[in-house]
Amino acid sequence: MKHYKPTSPSRRHMTNISYGGVVTTSDPVKSLTRGFKRPVGRNHHGKITTRHKGGGHKRLWRDVDFKYDKIDIPYTIKTVEYDPNRAGFIGLAQYKDGEKRYVLLPKSVKVGDVCVTGENVEQKPGNRLPLRNIVIGTFVYNVEVKPLGGAKLARSAGNYVEVVAKDAGYVDIKMPSSEVRKVKETAYASIGEVSNNETRLVNFGKAGRSRWLGIRPTVRGTAQNPVDHPYGGGEGVQGRGRKRAISVYGKPTGKGQKSRTPKKYSNKFIVSRRKVGKRK
């Protein structure tokens with residue numbers, strides 16, 4: 001972590017990540033990048049569907065491969081790069097047949113390492129294989145929810161999923177949220193933990209750094225008007241005034257309230273619900 005001298009109130013507690021000894025280049029491969037317009041929380045009608053998004057620095061999109069559809073063709077990591085669109089580091093993978101792709105890197109993989117995707121490959125960080133062939137207790141990332149559907153789970157910096165059991169064509173995995181769920185044993189996963197786990201220790205130090213990332217301010221419900229939030233109105237400081245914590249839309253949220261859709265399609269795959277609240 002990088003700390004700063006307290007030359008101003010915002011600098012006093014500001015921290016950052018030292019990329020000098022990790023990132024090997026600052027110039028992405030042009031053929032694997034493109035421009036894009038960030039949706040800033042709006043749908044196709046222009047209505048806000050996700051609050052507190054907007055603004056932020058212009059970004060260049062890196063096409064990261066989450067399909068890993070080149071089976072049994074080894075690739076070499078040529079670079080370790082920073083990606084403004086995700087928390088973990090990415091690397092330029094050059095396959096033996098000459099093709100280049102960006103991949104999400106695990107914690108211990110560095111330039112020059114060789115990785116491969118296949119049915120019965122060695123279980124070392126960066127290699128990718130079906131869940132049925134992975135030893136119980138192994139940490140994995142880039143986990144598929146459906147076979148050949150591409151990596152969907154455990155893609156953020158420092159995250160991993162633990163393989164805890166195997167039974168009847170399914171593998172039980174323990175999620176970062178502490179939820180245990182079933183996934184088809186033929187789904188692929190990569191060995192290791194996502195890189196850049198220090199990112200969760202960063203202290204922004206000032207409001208401007210959030211705005212650079214496209215994060216707009218969050219206003220307390222009790223500070224709003226009755227028309228804008230169920231907690232709004234009243235003279236002075238008011239309590240919540242209701243039994244359960246709810247969102248601006250009137251739905252239960254936080255403080256141990258169950259907010260999962262009761263008829264969600266994946267309920268039958270949940271072995272153990274996530275732990276919430278202080279005891280987690």
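The values are calculated or read from the model by the stated rules, or taken from the named source; none is laboratory data. Values in this document were obtained by computation on a predicted structure and should not be read as measured data. Note that we place each Cβ from the backbone using ideal geometry, even for glycine, and neighbour counts take in every protein chain shown.
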- [ ] Go through the stretch 1-104 and tell me which strands (runs of 3 or more DSSP E), entirely inside it, have 1 or more residues that are among the small types (Gly, Ala, Ser).
- [x] 90-95
Task: Of all residues in the stretch 153-185 being assigned to a loop (DSSP other than H, G, I, E, B) and touching a helix residue (DSSP H, G or I) at 6+ places or on another chain (Cβ under 7 Å), the one that is farthest from Val276 (Cα to Cα) - done: Glu185
TODO: Look through Ala207, Ala223, Ala245 and report the one residue that is over 25 Å from the mean Cα position of the chain (by Cα) and within 30 Å of Gly158 (Cβ to Cβ).
DONE: Ala245
Open item on the list: Given the criteria surrounded by fewer than 22 Cβ atoms within 10 Å (Cβ to Cβ), within 24 Å of Tyr19 (Cβ to Cβ) and touching a residue at least 12 places away in the same chain (Cβ under 8 Å), does Glu198 qualify?
Closed with: yes
Open item on the list: Among the numbered criteria (1) buried (at least 16 other Cβ atoms within 10 Å of the Cβ); (2) charged (D, E, K, R); (3) assigned to a loop (DSSP other than H, G, I, E, B); (4) touching a helix residue (DSSP H, G or I) at 6+ places or on another chain (Cβ under 9 Å), which one does Glu119 miss?
Closed with: (1)
Task: Residue check for His57: surrounded by fewer than 13 Cβ atoms within 10 Å (Cβ to Cβ), in contact with a helix residue (DSSP H, G or I) (Cβ under 7 Å, 6 or more places away or on another chain) and not hydrophobic (A, V, I, L, M, F, W, C) - done: yes
- [ ] Taking Pro74 as the residue in question, decide whether it is modelled with pLDDT of 95 or more and in contact with a strand residue (DSSP E or B) (Cβ under 9 Å, 6 or more places away or on another chain).
- [x] yes
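Being over 27 Å from Gly41 (Cα atoms) and assigned to a loop (DSSP other than H, G, I, E, B): is that true of Gly250 here?
It is false that Gly250 is over 27 Å from Gly41 (Cα atoms) and assigned to a loop (DSSP other than H, G, I, E, B).
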- [ ] Please list, ordered by first then second residue, the pairs with beta carbon atoms under 6 Å, 6 or more apart or interchain, first in the stretch 102-128 and in the same structural domain as Tyr141 (by TED's automatic domain parsing), second basic (Lys, Arg) and assigned to a strand (DSSP E or B).
- [x] Tyr102/Arg62; Thr117/Arg128
Task: Residue within the stretch 168-183 that is more than 25 Å from Tyr265 (Cβ to Cβ) and either in the same structural domain as Arg34 (by TED's automatic domain parsing) or crowded, with 19+ Cβ neighbours inside 10 Å (or both) present - done: no
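Report yes if Lys107 is of a type outside the set (Gly, Ala, Ser) and closer than 24 Å to Tyr19 by Cα, otherwise no.
Yes: the conditions hold for Lys107.
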